[in-house]
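Computed from the coordinates by the stated procedures, all read-outs in this text should not be read as laboratory data. Small disclaimer: the values here were computed from a predicted structure and weren't measured. We place every Cβ from the backbone using ideal geometry, glycine too, and count neighbours over all the protein chains shown.
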Amino acid sequence: MKKCIKEQLRICEKYEAEYVESPDNFKLGIAQNVKSGTVPINGLRMPVENGTTGWYIWAGEEMGTEEDFFLPLHVQHIDEWAPEIKKYLGLPPGWRFLIDGDYEDVWYDPNLLNEELEEDSDAWEENMLQEHGWYMHSILAEDIDGIHANYHTHGLKDNFNHQDL
């Protein structure tokens, strides 16, 4: 088994996510700024369709709104752009990541799949705290030129960290 697939499986196991392959001959959308060394690097995965992985990758605090912000790139060429993201490409649609050096944030975002939480958010957060010792939820903040800005919140028992993406 290729080393990168083993790393992808470890990431999926760590975050209790199903593994969904990103085949080398499929494309992802990637922003030119990823090559520049700008951080953090962000990724989100939409549903797989028509020879694309569903992945959109960009660097920096904000995702661009320009029509040509994302360039198509075959997965097999990701090492030339950002080899450090390869291990996240096995996460399934609906998942996001943000990395900056040793910092790693990985979470499920139901907004990417237009899903609603099955229970109210307070009950869901309490359930996640009891089962896993943490919770995360996404809130649709605004729609900017057809691109949704999402905010996520991670709760770690009594320590709450808010960060907007």
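Given region 3-116, what percent of its DSSP beta bridges are antiparallel, to the nearest 5?
90 percent
Could you work out the Kirkwood radius for region 3-116, taking every pair of different alpha carbons, averaging 1/r and inverting it, reported in Å?
Value: 14.0 Å, from the Cα pair sum.
If R0 is 30 Å, the Cβ-Cβ spacing of ASN33 and LYS3 corresponds to a FRET efficiency of close to 0.65.
Each of LYS27, LYS14, LYS35 has some number of other Cβ atoms within 10 Å of its Cβ, and from fewest to most they run LYS14, LYS35, LYS27.
Fewest-first ordering of TYR103, TYR56, TYR88, TYR15 by other beta carbons within 10 Å of each residue's beta carbon gives TYR103, TYR15, TYR56, TYR88.
From the Kirkwood radius over Cα pairs of region 14-75, Stokes-Einstein at 10 °C and 1.306 mPa s returns a whole-number translational diffusion coefficient of 128 µm²/s. Give me the distance between the Cα centres of region 1-73 and region 74-100, rounded to whole Å. About 4 Å separates the Cα centre of region 1-73 from the one of region 74-100.
Using amide H atoms built in the peptide plane, which far-off residues or other-chain residues are under 5 Å from TRP95 H to H? Distant-sequence amide H within range of TRP95: ARG45, ASP109.
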